[in-house]
Each structure stands twice: as structure tokens, then as C-alpha cells.
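Worksheet for the structure shown next.
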């Protein structure tokens, strides 16, 4: 069997859509799984949009995701003469004609067959068929002499000896045209595999209106490349077991087109956040520390907590961080006394009858402790909770008073990290200034 050669052939516009990069991921994994070649072809014939900056953005996204390619990048504009030579060959052999009238006057038009059926075996969707009579001739060279996508795409696949085209199922109709072009040019068409559409909760194609839709946006929002790679893989593919968070090596070993799904795949932002949190939790502590320190610096905060060590803070914060942009906001109260308060939390937890007195009493009890430990603070909170008939009325006001937010490490771990002196001071300050 000849070596498998697949390609990613985007048209750079300055932003890389997740649907396009998912196609790149599937192509890359397939090539790595079978020991084939993964190639990059930049379809840059739209000179207004395919600027050097747009191409650089594309290359940076691929590098960020670890999508390395095996041969030098091919730029479609470099092959224009080959495209036009192919058009002349089609004209000479009667597979194309030059339009002389109407809006297409001066264009070279490809003749689609008028009898029989066009069909191909899609490696994801199965046998695809279309009656020839349901097809129409189409332009392959514009009146200004520039080749159209269909011709350029097919000729470039021939020049790169592509054996398999993996792309979105919005290209199915194009494939019927491309197969006839390959045949007319005397070339055996590659195999095809069309990936399912990515849809929103309403079953409509996922777009910018539904949230972040471009790779760069997810990067800016604090998602890891490993997460986005893993998540996009599962939009249209499954390993055949209950695994979801996988290493790159596991993905390569498990990947096959047989496990690709043909039905649309729903983009689930909650699952993406969960998965990112799983990857962050598994990061080496030093890697997470570097990210936290960088974001502390950017926020003008000290690199060390007010009490204890940075490593001690990282312990409970890392496994609770879902995206990097939560830093340092989800732990700012460890580094400064000027931490913000969540207004909704203040209203719900602090501005309630009896909370002022509760905070003052807990401050006094904590202050009286000789050893300010998790066990000692928990004993005090539990004792008060028994008086009030539950932990919630005690735990929640203390947490909001000391941290300004409703989520974070376990309360008793949090209190010890903040330290006895600051815990007491924050409780008293909240009692004096925040409660009704």
C-alpha cells in the first residue's frame, strides 16, 4: 500500500475557526496513527484576506496545538500556472468550454456528466450517490483569468499526491464536482471522509454568536492547547470506551475513521471548562506556579501570599482552577487585603439578620485559639452550627467575609492559609462595614 498522505488546506483570514482546526486535528491524528504524512497547504488565493499576518496567525495556532507537518508548506498562489494549464487541458479535451454569453461570459466552465450517477465511498458517511442529471456545470476559471477553488483544490491535491481528504461535511457537494475533475484530468480521486457539523444547543451550526468560535479566543480565555485538542477530537469521534481526557499518545493509538460519527456534534462549553480543569489539575506544580506568578505580576500583586508560602496556596487553588483567566481572581484574597467582594454573595450571605453578631462572635472565638489549625477552627464552626441547626448559616458568611467570594478551598484550609490574625481582622471588618 502506498503511503497515506493527508492535508490541511485552510484559507487564512486572520482567525482560525474551531471547525477548521478540528479537521486539521483529525488529519494529523490519522497520519500519526498509520505512519503517513500530514501536509499543510495554505489556500491563499484571496489576496485581500490572506495577508502575511493572517498566515502567521494560522501557523501560530497550529504550533500552539502541536500540529506539526511533515513537508514544507505549500502556498496555492505558487501553483496558479499549474491550475491554468489544467484548465487548458480540460478545454482541449472537451471536458470544459468557454462561456460566451451572460454573466459568465469569458469564464471557463467544467462540463458535469449528464447521464448515470456520481458516487463515492465516504469513510465516515458511507456510500454517497448523486444522479448526474441533478448536477450543474460550474466555473473553474473566472473571466479575469483566476482559477476557482474547485480547480485549484483538485490540482493541488494531485500535485501533493494526496491519498485521503478529511474535511467537514459542508464539502460533500463539492466532492461530487471534485471527483469528476480528477477523472477528467486522468487522475484517480483520493478517498474522502467528511466530518459531522459542529452545532450549538439548538442544533444549528456553531458560530461566533454562540460564544468563542476561533482558536485565538480560547487561548485568550485561558484554555490549554491540550484541552482544546482533546475536546475538538471528541466532537465527532469517540475512543470506544469511557475515556474522555486522553494523552496525545493515547489519542494517536486509538484514532481511526471507523470510530468517527456521522451525526452532528454539539459544542458543550460546560464540558470544555470541566476538561480544562482536569488538565490544569494534572499540570506540574511548577508550570502552574509560573502561570500564577505571571498573572499576579500583571495584576500588580505581590508574588508571595500575605501568609505562608506560595506552594501552600497553590495546593488547594490549582485543582479548583478551570481556566487560567480565573487567576488571580479566584485566590486574590491570599495576596492582598484589597480583595473585591461579590455583591450577590454579600447580599445573600452577609446582609442578613444576625450575621453581624455571628461574625463578631466567630472572630472572638478564633482569636482565643492557641493553635489556629484546621481541626481547631472546624471544631468552633461545628459547635456554632449545632446552635443554629446547620453548617450553612455559619460557613457561608465566614467564607464571604474572609475571601469575598462563595467558592474556593475548604473553609478550614482557607482560614489557616489566610492566618489567624488576618482572619480575625477580616471578620471584624466585615461585621462593621458590610452587614445590615
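Quick look at the numbers
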read-out: Residue match in region 310-318 (condition: without any contact (Cβ under 8 Å) to a residue 24 or more places away in the chain and surrounded by 15 or more Cβ atoms within 10 Å (Cβ to Cβ)); value: yes
read-out: Any hit, region 114-124, residues being outside the structural domain of residue 238 (by TED's automatic domain parsing), over 20 Å from residue 185 (Cα atoms), in contact (Cβ under 8 Å) with a residue 60 or more places away in the chain and in a loop (DSSP other than H, G, I, E, B); value: yes
read-out: Residue identified as assigned to a loop (DSSP other than H, G, I, E, B) and surrounded by 15 or more Cβ atoms within 10 Å (Cβ to Cβ) among 380, 405; value: 405
read-out: Number of the exception - residue 54 against (1) farther than 24 Å from residue 249 by Cα; (2) in a loop (DSSP other than H, G, I, E, B); value: (2)
read-out: Selected residue [closer than 24 Å to residue 218 by Cβ and not in a helix (DSSP H, G or I)] from 330, 307; value: 330
read-out: Check on residue 322, under 20 Å from residue 223 (Cβ atoms) and either surrounded by 15 or more Cβ atoms within 10 Å (Cβ to Cβ) or out of contact with any strand residue (DSSP E or B) (no Cβ under 6 Å at 6 or more places or on another chain) (or both); value: yes
read-out: Residue 90 being surrounded by fewer than 20 Cβ atoms within 10 Å (Cβ to Cβ) and over 23 Å from the mean Cα position of the chain (by Cα); value: no
read-out: Of the criteria (1) surrounded by 13 or more Cβ atoms within 10 Å (Cβ to Cβ); (2) modelled with pLDDT under 95; (3) in the same structural domain as residue 183 (by TED's automatic domain parsing), which one residue 101 fails; value: (1)
read-out: Sole residue being surrounded by fewer than 17 Cβ atoms within 10 Å (Cβ to Cβ), assigned by TED's automatic domain parsing to the domain that holds residue 420 and out of contact with any helix residue (DSSP H, G or I) (no Cβ under 8 Å at 6 or more places or on another chain), chosen from 367, 386, 374, 360; value: 386
read-out: Unmet requirement for residue 243, which otherwise passes all of (1) under 28 Å from residue 61 (Cα atoms); (2) touching a residue at least 40 places away in the same chain (Cβ under 8 Å); (3) in a loop (DSSP other than H, G, I, E, B); value: (2)
read-out: Subset of region 177-209 [touching a strand residue (DSSP E or B) at 6+ places or on another chain (Cβ under 9 Å), in a helix (DSSP H, G or I) and not assigned by TED's automatic domain parsing to the domain that holds residue 112]; value: 208
read-out: Unique match (being in contact with a strand residue (DSSP E or B) (Cβ under 6 Å, 6 or more places away or on another chain) and either at pLDDT 95 or above or farther than 19 Å from residue 147 by Cα (or both)) among 22, 5, 32; value: 5
read-out: Filtered residues of region 131-150 (kept if under 30 Å from residue 260 (Cα atoms) and more than 35 Å from the chain's Cα centre (by Cα)); value: 131, 132, 134, 135
read-out: Hits in region 22-38 (condition: crowded, with 23+ Cβ neighbours inside 10 Å and either outside the structural domain of residue 228 (by TED's automatic domain parsing) or over 19 Å from residue 258 (Cα atoms) (or both)); value: none
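The values are calculated or read from the model by the stated rules, or taken from the named source; none is laboratory data. Given the structure is predicted, the values throughout are model-derived calculations rather than measurements. All Cβ positions, glycine included, derive from the backbone under ideal geometry; neighbour counts span all protein chains shown.
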